[in-house]
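In what follows, a single structure is set out as structure tokens and then discussed.
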Amino acid sequence: MREKAVLVGVGRGIVEATSMSWRARRIAGAEPVAPRVLQTRSDPDPSTFVGKAKLDEIHRTVERSGATAVILNDELSPGQLRTLESG
């Protein structure tokens, strides 16, 4: 049984891309769940990668879907990771 993952994309003019699904399957061995969470912004939030409203949307999507992982379209900084793990 594959792990279920919520896919999150942040970027300028970001659109839903098949590369995110490919990344989930190839790198993480996970099955992407819908909907994907996308946020258009020029730069990731320095403390949480996504804005607060999107973070809440990610939490709701994880709970509704039963996902056990969240896969981002970029790496988190050590500070972002600490903030998200503690929150």
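Just checking the listed ones, A69, A34, A53: in the Gaussian network model of the chain with Cα springs under 10 Å, the one fluctuating most is A53. Counted over the chain, the DSSP beta bridges are approximately 10% antiparallel. Built from the Cα atoms of the range 47-86, the convex hull projects on average onto 2.9 nm², one quarter of its surface area.
Name the GluC sites (Glu not before Pro) in the range 53-87 that are in a loop by DSSP and that have at most 14 other C-beta atoms within 10 Å, would you?
Details: sites: E57, E63, E75, E85; in loops: E75.
Counting only loop positions with at most 14 other Cβ atoms within 10 Å, the GluC sites (Glu not before Pro) in the range 53-87 are E75.
I'd like the accessible area for D56: 1.4 Å probe, protein heavy atoms, all chains in place, Å² to the nearest 10. For D56, solvent-accessible area is about 60 Å².
The values are calculated or read from the model by the stated rules, or taken from the named source; none is laboratory data. None of these values were measured; they are calculated from a predicted model. Cβ coordinates were reconstructed from backbone atoms using ideal geometry, including for glycine residues, and neighbour counts include every protein chain displayed. Surface areas here come from the heavy atoms of the whole protein model, side chains and all, with no ligands, DNA or RNA. Shrake-Rupley method; radii C 1.70, N 1.55, O 1.52, S 1.80 Å.
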